[in-house]
Amino acid sequence: MSESLAARAAALDAADELGKLREQFVLDEGVVYLDGNSLGALPRAVPGRVAEVVAHEWGELLIRSWTESGWWEAPERIGDRIAPLVGAAPGQIVVGDSTSVNVFKAVVGAVRLAGAGPGGAVRDEILVDASTFPTDGYIAESAARMTGCRLRPVDPASVPDEVGPRTAAVLVNHVDYRSGRLQDLPGITAAVRGAGALAVWDLCHSAGALSVGLDAHEVDLAVGCTYKYLNGGPGSPAYLYVAARHQAAFDSPLPGWNSHAEPFGMRPGFEPAQGALRGRVGTPDILSMLALEASLGVWSDVSVDAVRAKSLALTDFFLECVRAHVPAGQVELLTPSDHAARGSQIALRCAGASSVMASLISRGVIGDYRAPDVLRFGFTPLYVGFAEVERAARVLGDVLG
Ligand SMILES: *Cc1c(COP(=O)(O)O)cnc(C)c1O
């Protein structure tokens, strides 16, 4: 059984068109890295580029780099490099700040854009994904208090039934960080927009792993981090998408001098810039931002559809290997087996998950643990191979057996 799985893994690796991308990353061959959904691996192009930015652009050019090295436009420029990965035309994404901060801009901005309901009725309700990553929920709660709204947690699948004439904005995680469930972005967005509210999507666990289609599905606002499947590095800046049709009215709750129409006019009154750069705030974190830009080079010849196809093949194969290697009844699958509802991770519930994960890591299989009882394995199609998937399941079987 396991010999045939190993042979299948070898054949799948041999046929894998994305397999050659692995050499663009710094990875330890002795380790199976299944935690790219927390921190993506280091692209080889990054250290040299960061050294150049520090030594030359900062060290030598100093202040001139804001213009001569393109530092000032980096948030928009890098936003335009992320855009095709999430199905957005240029000019709608700016990079900067953390995901948490961008959730704040997006949710408050959405409530301000929503305006009145039918017949002038107030829209005083924000719906939030009941299983959201915690930071989104904390920020949505504060945004609700600030805007005089009530926050109502709902299961994303029931948003079409729950959204109504009083709803201003709906914040949903595209892929659930714990279970790996992929939500129905087209259906939920259509229902939200149909009710006259705005759909705000958090793409942290989907961008870089599957196609999002922001423009095609008429998403209103979106945010995401860049250090998971986009491999931008620890704490690399997040991004904010403001659909072109909303930009003229987008009223950021964090207007800073970088989002001013004339930043160097140094005027006392705020006048917003045009376009996505309304989402900027203050001086961008250039070192992290340019590390992110260098890391995005790995996407130059990669199609997101090919990435998605490999992601599903990896997770399917992992499930098959887990069934073969792990004694029955030891783990419970939390991730939907239906492809249409699966992100790029597999979550398994098991007793003693925290110590099981510690044993896996000590044996060279790195995933992560989420309280209270979840083992999480993230599959980054750019650098994870099928033989590694088989090894991870085999080691899990040894640990649990
Ligand atoms: C990873 C993640 C975050 C992280 O927020 P930061 O502000 O970047 O720390 C937020 N939301 C979701 C859904 C995430 O998966």
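The values are calculated or read from the model by the stated rules, or taken from the named source; none is laboratory data. The shown structure was predicted, so the numbers you read here are calculated from the model rather than taken from an experiment. Heads up, the Cβs are rebuilt from the backbone with ideal geometry, glycines too, and the neighbour counts pull from every protein chain shown.
I want to confirm something. Restricting to the stretch 190-212 and keeping residues that are within 10 Å of the ligand (Cβ to nearest atom) and farther than 22 Å from L113 by Cα, which single residue is surrounded by the most Cβ atoms within 10 Å (Cβ to Cβ)?
Here the answer is H205.
Looking at the structure I just gave you, is V128 in the same structural domain as G164 (by TED's automatic domain parsing), more than 20 Å from A248 (Cα to Cα), within 16 Å of the ligand (Cβ to nearest atom) and buried (at least 24 other Cβ atoms within 10 Å of the Cβ)?
In short, yes.
Just name the residue that is farthest from V212 (Cα to Cα) out of those in the stretch 255-280 that are touching a helix residue (DSSP H, G or I) at 6+ places or on another chain (Cβ under 6 Å) and hydrophobic (A, V, I, L, M, F, W, C).
The extreme case among them is W257.
Quick one: which residue in A89, A55 is surrounded by fewer than 17 Cβ atoms within 10 Å (Cβ to Cβ), without any contact (Cβ under 8 Å) to a residue 60 or more places away in the chain and more than 16 Å from the ligand (Cβ to nearest atom)? Outline the logic, then answer.
Values: A89 fails: without any contact (Cβ under 8 Å) to a residue 60 or more places away in the chain.
From the options A89, A55, the qualifying one is A55.
Of the conditions (1) in contact with a strand residue (DSSP E or B) (Cβ under 8 Å, 6 or more places away or on another chain); (2) outside any helix (DSSP H, G or I); (3) assigned by TED's automatic domain parsing to the domain that holds E73, A294 fails just one. Which one is it?
(2)
Looking only at residues that are over 11 Å from V86 (Cα atoms) and of a type in the set (D, E, K, R) in the stretch 213-242, which one is farthest from the ligand (Cβ to nearest atom)?
Looking at the filtered set, the residue picked out is E218.
Those residues that are in contact (Cβ under 8 Å) with a residue 24 or more places away in the chain and either part of a helix (DSSP H, G or I) or not assigned by TED's automatic domain parsing to the domain that holds V395 (or both), I need them from the stretch 339-360; list them, please. Talk me through it step by step, then tell me what you get.
To start, the set of residues in the stretch 339-360 that are in contact (Cβ under 8 Å) with a residue 24 or more places away in the chain comprises 339-350, 356, 359-360.
Of everything in the stretch 339-360, those that are in contact (Cβ under 8 Å) with a residue 24 or more places away in the chain and either part of a helix (DSSP H, G or I) or not assigned by TED's automatic domain parsing to the domain that holds V395 (or both) turn out to be H339, A340, A341, V356, S359, L360.
Need the failing condition index for P84 against (1) farther than 25 Å from V281 by Cα; (2) in contact with a Phe, Trp or Tyr (Cβ under 9 Å, 6 or more places away or on another chain), just the number.
So the condition that P84 fails would be (1).
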